[in-house]
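Here is the structure we will look at, set down as structure tokens.
The values are calculated or read from the model by the stated rules, or taken from the named source; none is laboratory data. A quick note: this is a predicted structure, and the numbers were derived from the prediction, not measured. As a convention, Cβ positions derive from the backbone with ideal geometry for all residues, glycine included, and neighbour counts pool all protein chains shown. Note: accessible area is taken over every heavy atom of the protein model, side chains too, but ligands, DNA and RNA are not part of it. Shrake-Rupley method; radii C 1.70, N 1.55, O 1.52, S 1.80 Å.
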Amino acid sequence: MDPFVGSGTTLIEAKLLGRNAVGVDVNPDSIKLSNSNLNFMCPETSKIFIRQGNARKLLFSKNNCIDLICTHPPYANIIRYSKDIQEDMSHLSYENFQNAISEVAKESFRILKEKGICTFMIGDIRRKGYVLPLGMISMQKFVDAGLVLKEIVIKEQHNCRSADYWDGRKRNFLLLAHEYIFVLEKPVSRAQFSDH
Ligand SMILES: C[S@@+](CC[C@H](N)C(=O)[O-])C[C@H]1O[C@@H](n2cnc3c(N)ncnc32)[C@H](O)[C@@H]1O
């Protein structure tokens, strides 16, 4: 499941690996683009579905049904993916994004099977020369939702916006040159271990 499917990279990889996958995006243009990117022949067989929807409320997903969430949300309003789609989280300020990603975390917890994995990539951002730790705050929302952190992978980030400033004279802060890939697991429910 990729609830921020964008151009469909996760689904393309799933198709190549012969895995079943569902992609969701709030933007109908992303749905069209993903459909077109997935229009290739592949020796593996898989079922791939793409739905227009909101990662904050995955209405068509039942509880405890997904093995793996693999996704890449917007980094608050650093890059805007649409002009006027109200549910698009790329319109949210750093502060409002935190509530939204918290809802995404709760939905992720709900739809994952026990021992299911949720992995997502996100980076920190800067405002007026100061770091806003969007990555770590987002990770904490998933932990607060009940998932358990298994890994933090640091990925080198290319072509980031602040690179423009790095080479020039405005060199008054370090380049944010990495993103995080967080890997979390839904624990087995405690009810299973309780004495009857
Ligand atoms: C960083 S991009 C995803 C990139 C993707 N990995 C790819 O292969 O292109 C984030 C995506 O999240 C979508 N998005 C923003 N808010 C959303 C929401 N509330 N629910 C679902 N998708 C949303 C945007 O439309 C955008 O396509």
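Output yes when any residue across segment 54-76 is among the aliphatic types (A, V, I, L, M) and closer than 30 Å to LEU174 by Cα, and no when none is.
Yes, segment 54-76 contains a residue that is among the aliphatic types (A, V, I, L, M) and closer than 30 Å to LEU174 by Cα.
Taking only segment 35-48 into account, find how many residues are open to solvent by 70 Å² or more (accessible area, probe 1.4 Å) and more than 16 Å from the ligand (Cβ to nearest atom).
Qualifying residue count for the region: 5.
If you take the residues of segment 73-105 that are away from the ligand (no atom under 11 Å from the Cβ) and surrounded by fewer than 16 Cβ atoms within 10 Å (Cβ to Cβ), which of them is nearest to LEU147 (Cα to Cα)?
Result: ASN99.
Of all residues in segment 110-156, which are open to solvent by less than 40 Å² (accessible area, probe 1.4 Å) and at pLDDT below 95?
ILE125, GLY129
Looking at LYS57, LYS15, LYS32, can you tell me which residue is within 12 Å of the ligand (Cβ to nearest atom) and over 25 Å from GLN140 (Cβ atoms)?
Matching residue, one of LYS57, LYS15, LYS32: LYS32.
Would you check if LEU132 is touching a helix residue (DSSP H, G or I) at 6+ places or on another chain (Cβ under 8 Å) and away from the ligand (no atom under 14 Å from the Cβ)?
The answer is yes for LEU132.
Which ones in segment 13-26 are surrounded by 15 or more Cβ atoms within 10 Å (Cβ to Cβ), out of contact with any Phe, Trp or Tyr (no Cβ under 6 Å at 6 or more places or on another chain) and not basic (Lys, Arg)?
Matches in segment 13-26: ALA14, ALA21, GLY23, VAL24, ASP25, VAL26.
Give me the pairs, please: first residue somewhere in segment 104-115 and free of Cβ contacts under 8 Å to residues at least 40 places away in the same chain, second residue anywhere and open to solvent by 10 Å² or more (accessible area, probe 1.4 Å), beta-carbon distance under 6 Å, and either six or more positions apart or on two chains.
Pairs that qualify, where the first residue is free of Cβ contacts under 8 Å to residues at least 40 places away in the same chain and the partner is open to solvent by 10 Å² or more (accessible area, probe 1.4 Å), are LYS106/ALA145.
Conditions (1) in contact (Cβ under 8 Å) with a residue 40 or more places away in the chain; (2) of a type in the set (Gly, Ala, Ser), marked per residue:
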residue: ILE31; (1), (2): no, no
residue: SER34; (1), (2): no, yes
residue: LYS47; (1), (2): no, no
residue: ILE50; (1), (2): yes, no
residue: ILE79; (1), (2): no, no
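Given the condition among the polar types (S, T, N, Q), in contact with a Leu (Cβ under 8 Å, 6 or more places away or on another chain) and open to solvent by 80 Å² or more (accessible area, probe 1.4 Å), answer yes or no: does some residue in segment 49-59 qualify?
No, segment 49-59 contains no residue that is among the polar types (S, T, N, Q), in contact with a Leu (Cβ under 8 Å, 6 or more places away or on another chain) and open to solvent by 80 Å² or more (accessible area, probe 1.4 Å).
Of the conditions (1) near the ligand (Cβ under 8 Å from one of its atoms); (2) touching a strand residue (DSSP E or B) at 6+ places or on another chain (Cβ under 9 Å); (3) open to solvent by less than 80 Å² (accessible area, probe 1.4 Å); (4) not in a helix (DSSP H, G or I), THR10 clears all except one; give me its number.
Evaluating THR10 over (1) near the ligand (Cβ under 8 Å from one of its atoms); (2) touching a strand residue (DSSP E or B) at 6+ places or on another chain (Cβ under 9 Å); (3) open to solvent by less than 80 Å² (accessible area, probe 1.4 Å); (4) not in a helix (DSSP H, G or I) leaves (4) as the failure.
Out of everything in segment 60-69 that is open to solvent by 50 Å² or more (accessible area, probe 1.4 Å) and within 15 Å of the ligand (Cβ to nearest atom), what residue ends up being nearest to LYS186 (Cα to Cα)?
Selected residue: LEU68.
Among the candidates GLU87, GLU95, GLU114, single out the residue that is assigned to a helix (DSSP H, G or I) and either within 22 Å of ARG190 (Cβ to Cβ) or not hydroxyl-bearing (Ser, Thr, Tyr) (or both).
Every option except GLU95 fails the conditions.
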